[in-house]
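Chemist: Submitted below is the structure of interest, expressed as structure tokens.
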Amino acid sequence: MENFFNIGLYQFLATSIILFSIGLFGAVISQNLLKILISLEIMFCAVTLNIVAFTVYSDNSHVKGFILALFILFLTAVHISIGAAIILNLYKFKASTDIQDVGELKG
Amino acid sequence: MGNIEAIVFYLVSLVSIICAFFAIFSTKSKFSIVNILVCLIGISILFFALEFPLLGSIAIGIFCIGLTLILIMTALLTEKRNQVRSYKLSYIKLLTSFTIIFILSFLIAFFIKFGAFYYEGTVINCVIPSIKELSVQMFINYGMPFVFTGLLFLAALIGVSVLMSDIRNNKGINK
């Protein structure tokens with residue numbers, strides 16, 4: 001029971017890998033562009049949590065992990081804004097957010 | 001971590017995982033967005049639990065901005081011409097619930113933080129990097145990634161504004 005209440009690196013890693021798996025599964029099976037964007041965001045957050053957990057439990061200064069996590073959060077904001085704009089434009093052009101309807105972009 | 005903090009950790013992790021699952025598999029986009037909002041705020045609370053309150057605050061801000069974008073996008077995509085009034089009402093409800101969840105998450109995060117401070121009766125010697133240390137590191141040791149991230153932001157801003165101006169002018173991508 002003491003091990004149950006002793007929170008360490010492995011608990012954070014388990015949470016992170018479960019979230020990443022859910023995001024990856026959603027990104028693979030979803031047919032909606034919006035849900036793919038949401039899945040990517042879940043994966044980004046799982047990676048950020050992983051980095052912060054490793055920083056806390058392995059680095060003394062905590063600065064490198066903090067800055068790396070900060071950059072990942074900024075990139076998350078960038079990819080959300082770009083993805084949202086692209087999906088809106090595709091909806092304007094195709095009147096659909098289904099991934100099957102944007103197959104012309106292949107190649 | 002103490003027992004209460006461990007229970008809060010398991011609770012927040014479980015809620016985050018369940019909300020991520022329902023965000024992927026819910027059929028209605030509004031439910032999906034509320035679930036992803038709760039999931040990301042739970043992850044931000046985990047940052048607070050890892051003694052990174054500044055990163056948790058920034059994460060909550062960025063997630064809220066990004067999710068507001070997705071919310072607006074979904075509202076625009078699901079807008080129906082003959083239901084503009086009801087759409088506005090539901091949109092106000094969503095924003096209100098969003099604000100309430102935002103305030104509650106901050107309260108829970110500060111509760112976890114102060115619980116960590118007073119757990120053993122004394123203030124824990126925190127190793128949180130200060131703003132000064134972060135700024136020195138960012139502008140000296142990590143200057144180039146900082147500049148490249150800024151350029152990436154600029155490119156994203158220009159791209160989004162171009163795409164949105166095409167939408168406003170009733171033009172598609174290929175026109």
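Chemist: Among the candidates A:Phe44, A:Phe54, which residue alone is in a helix (DSSP H, G or I), more than 7 Å from every other protein chain (Cβ to nearest Cβ), modelled with pLDDT of 80 or more and within 12 Å of the chain's Cα centre (by Cα)?
Modeler: Exactly one of A:Phe44, A:Phe54 is in a helix (DSSP H, G or I), more than 7 Å from every other protein chain (Cβ to nearest Cβ), modelled with pLDDT of 80 or more and within 12 Å of the chain's Cα centre (by Cα), namely A:Phe44.
Chemist: Which one is surrounded by the fewest Cβ atoms within 10 Å (Cβ to Cβ) among residues in the range B:1-11 that are among the β-branched types (Val, Ile, Thr) and more than 9 Å from chain A (Cβ to nearest Cβ)?
Modeler: B:Ile4
Chemist: Right, here's the next one. Please work out if B:Ile24 is out of contact with any helix residue (DSSP H, G or I) (no Cβ under 7 Å at 6 or more places or on another chain) and either at pLDDT 85 or above or more than 7 Å from chain A (Cβ to nearest Cβ) (or both). So that I can check it myself, show each step before the final result.
Modeler: Values: out of contact with any helix residue (DSSP H, G or I) (no Cβ under 7 Å at 6 or more places or on another chain): no; either at pLDDT 85 or above or more than 7 Å from chain A (Cβ to nearest Cβ) (or both): yes.
It is false that B:Ile24 is out of contact with any helix residue (DSSP H, G or I) (no Cβ under 7 Å at 6 or more places or on another chain) and either at pLDDT 85 or above or more than 7 Å from chain A (Cβ to nearest Cβ) (or both).
Chemist: In the range B:27-45, which residues are more than 16 Å from the chain's Cα centre (by Cα) and either more than 7 Å from chain A (Cβ to nearest Cβ) or closer than 24 Å to B:Ile58 by Cα (or both)?
Modeler: Result: B:Thr27, B:Lys28, B:Lys30, B:Phe31.
Chemist: Okay, next question. Of all the residues that make up the range B:12-57, how many are free of Cβ contacts under 8 Å to residues at least 40 places away in the same chain, buried (at least 16 other Cβ atoms within 10 Å of the Cβ) and not in a helix (DSSP H, G or I)?
Modeler: Matching residues across the range B:12-57 total 2.
Chemist: Restrict the check to the range A:20-37 and report whether at least one residue is more than 20 Å from the chain's Cα centre (by Cα) and of a type in the set (Val, Ile, Thr).
Modeler: Of the residues in the range A:20-37, the ones more than 20 Å from the chain's Cα centre (by Cα) are none.
No, the range A:20-37 contains no residue that is more than 20 Å from the chain's Cα centre (by Cα) and of a type in the set (Val, Ile, Thr).
Chemist: Can you find even one residue in the range A:2-14 that is facing another protein chain (nearest Cβ under 7 Å) and at pLDDT 90 or above?
Modeler: No, every residue in the range A:2-14 fails to be facing another protein chain (nearest Cβ under 7 Å) and at pLDDT 90 or above.
A quick yes/no check of all residues on (1) modelled with pLDDT of 80 or more; (2) assigned to a helix (DSSP H, G or I):
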site	(1), (2)
A:Ser61	no, no
A:Leu68	yes, yes
A:Leu73	yes, yes
A:Thr76	yes, yes
A:Ser81	no, yes
A:Phe93	no, yes
A:Asp101	no, yes
A:Glu104	no, yes
A:Gly107	no, no
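The values are calculated or read from the model by the stated rules, or taken from the named source; none is laboratory data. Since this is a predicted model, take the numbers as computed values, not measurements. Glycine gets a Cβ as well: all are built from the backbone with ideal geometry, and neighbour counts include every protein chain shown.
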